[in-house]
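Worksheet: the structure to be examined is printed underneath.
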Amino acid sequence: AQSVTQPDIHITVSEGASLELRCNYSYGATPYLFWYVQSPGQGLQLLLKYFSGDTLVQGIKGFEAEFKRSQSSFNLRKPSVHWSDAAEYFCAVGVYTNAGKSTFGDGTTLTVKP
Amino acid sequence: SQTIHQWPATLVQPVGSPLSLECTVEGTSNPNLYWYRQAAGRGLQLLFYSVGIGQISSEVPQNLSASRPQDRQFILSSKKLLLSDSGFYLCAWNQGAEAFFGQGTRLTVV
């Protein structure tokens, strides 16, 4: 069975600073990896996804993530954080089998200081 | 394009009252459907999933039930709510390996 670990429960960065959110996964095959963002009281919005090919993927809102198979990681990055990026971020592994049940990390809450 | 609708957005219910949350998907057929619960400050817990009409699988034992009376309709129910049922409920559907989420329902049991 797959699993996802987001080691950082809460991260605080200053506006304009760079950001990296960590995600480690465990899966027996090539994973399909996702990052979602959730604003308070809202559903989850897809930021970016990795299925195959280039290991550096670009997403919406200036985010990118890099798949590193050797480290079983899929870290999310942004070069310059905006106050509107404050939200909760979830990393997930998706599968085609097993009724397509995705496995989510516990999330990282991002606070942005002015 | 596909869309997912979930309602109501917020709900305050007394302990012991029934519950019905509805989710519908448009623009696709025979989707896999899911109900998740998110407790305050916590991650997503998968409650139920369905791969077809009338097919419901429960992931955790609880006070809730789910039904899928139509291909693109997924309902979360309870006969008698408990305080511990409070939380944020999310409906989702799946295309390939990617999940798409509704806007959620904030349920407060008082």
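Looking across the stretch A:65-93, the residues that are in a strand (DSSP E or B) and either modelled with pLDDT under 90 or among the basic types (K, R) (or both) come down to A:K68, A:R77, A:K78.
For first residues located in the stretch A:20-48 and open to solvent by 60 Å² or more (accessible area, probe 1.4 Å), partners that are among the aliphatic types (A, V, I, L, M) and modelled with pLDDT of 95 or more and lie 6+ apart or on another chain with Cβ distances below 6 Å form the pairs A:Q45/A:V37.
Filtering the stretch B:30-80 to residues that are open to solvent by less than 60 Å² (accessible area, probe 1.4 Å), in contact with a strand residue (DSSP E or B) (Cβ under 6 Å, 6 or more places away or on another chain), of a type in the set (A, V, I, L, M) and assigned to a loop (DSSP other than H, G, I, E, B) leaves B:A39, B:L64. With respect to the conditions (1) away from every other protein chain (no Cβ under 14 Å); (2) on the phi > 0 side of the Ramachandran plot; (3) open to solvent by less than 60 Å² (accessible area, probe 1.4 Å), A:K61 falls short on a single one, namely (3). Does the stretch B:15-24 contain any residue that is modelled with pLDDT of 90 or more, open to solvent by 70 Å² or more (accessible area, probe 1.4 Å) and either within 9 Å of chain A (Cβ to nearest Cβ) or over 14 Å from the mean Cα position of the chain (by Cα) (or both)? Looking for residues that are modelled with pLDDT of 90 or more, open to solvent by 70 Å² or more (accessible area, probe 1.4 Å) and either within 9 Å of chain A (Cβ to nearest Cβ) or over 14 Å from the mean Cα position of the chain (by Cα) (or both), one finds at least one in the stretch B:15-24, hence yes.
Somewhere in the stretch A:72-95, is a residue more than 23 Å from B:Y89 (Cα to Cα), hydrophobic (A, V, I, L, M, F, W, C) and at the interface with another protein chain (Cβ under 8 Å from one of its Cβ atoms)? Within the stretch A:72-95, none of the residues are more than 23 Å from B:Y89 (Cα to Cα), hydrophobic (A, V, I, L, M, F, W, C) and at the interface with another protein chain (Cβ under 8 Å from one of its Cβ atoms).
Consider the stretch A:1-25 and keep the residues that are among the polar types (S, T, N, Q) and either in a loop (DSSP other than H, G, I, E, B) or farther than 22 Å from A:V95 by Cα (or both). The one that is farthest from the chain's Cα centre (by Cα) is A:S14.
Among the residues of the stretch B:53-97, write down those that are within 12 Å of chain A (Cβ to nearest Cβ), touching a residue at least 40 places away in the same chain (Cβ under 8 Å) and closer than 23 Å to A:T97 by Cα.
Correct list: B:L90, B:C91, B:A92, B:W93, B:N94, B:Q95.
Give me the residue from the stretch A:1-39 that is more than 14 Å from chain B (Cβ to nearest Cβ) and out of contact with any strand residue (DSSP E or B) (no Cβ under 6 Å at 6 or more places or on another chain) and, out of that set, nearest to A:S84 (Cα to Cα). Across the stretch A:1-39, the extreme among qualifying residues is A:G16. Just a yes or no: is a residue in the stretch B:3-12 in contact with a Leu (Cβ under 6 Å, 6 or more places away or on another chain) and either away from chain A (no Cβ under 13 Å) or over 30 Å from A:A29 (Cβ atoms) (or both)? Yes: one or more hits. Among residues of the stretch B:98-110 being in contact (Cβ under 8 Å) with a residue 24 or more places away in the chain and assigned to a strand (DSSP E or B), the one that is farthest from the other protein chains (Cβ to nearest Cβ) is B:V109. Here is the figure for the stretch A:82-106: residues that are farther than 13 Å from A:I11 by Cα and open to solvent by 10 Å² or more (accessible area, probe 1.4 Å) total 12.
Take A:G53 and decide whether it is under 22 Å from B:F88 (Cβ atoms) and of a type outside the set (F, W, Y). When the stated conditions are applied, A:G53 does not pass them.
Residue by residue through the stretch A:26-44, note down the ones that are in contact with a Lys or Arg (Cβ under 9 Å, 6 or more places away or on another chain) and assigned to a strand (DSSP E or B). Listed by number, the residues that qualify are A:Y32, A:L33, A:F34, A:W35, A:V37. Would you say A:S72 is touching a strand residue (DSSP E or B) at 6+ places or on another chain (Cβ under 9 Å) and surrounded by fewer than 19 Cβ atoms within 10 Å (Cβ to Cβ)? For A:S72, the condition - touching a strand residue (DSSP E or B) at 6+ places or on another chain (Cβ under 9 Å) and surrounded by fewer than 19 Cβ atoms within 10 Å (Cβ to Cβ) - is met.
The values are calculated or read from the model by the stated rules, or taken from the named source; none is laboratory data. Keep in mind it's a predicted model, so treat the numbers as computed, not measured. Don't worry about glycine lacking a Cβ; one is built from the backbone with ideal geometry, like all the others, and counts go over all protein chains shown. All accessible areas refer to the heavy atoms of the entire protein, side chains included, with ligands and DNA or RNA removed. Shrake-Rupley method; radii C 1.70, N 1.55, O 1.52, S 1.80 Å.
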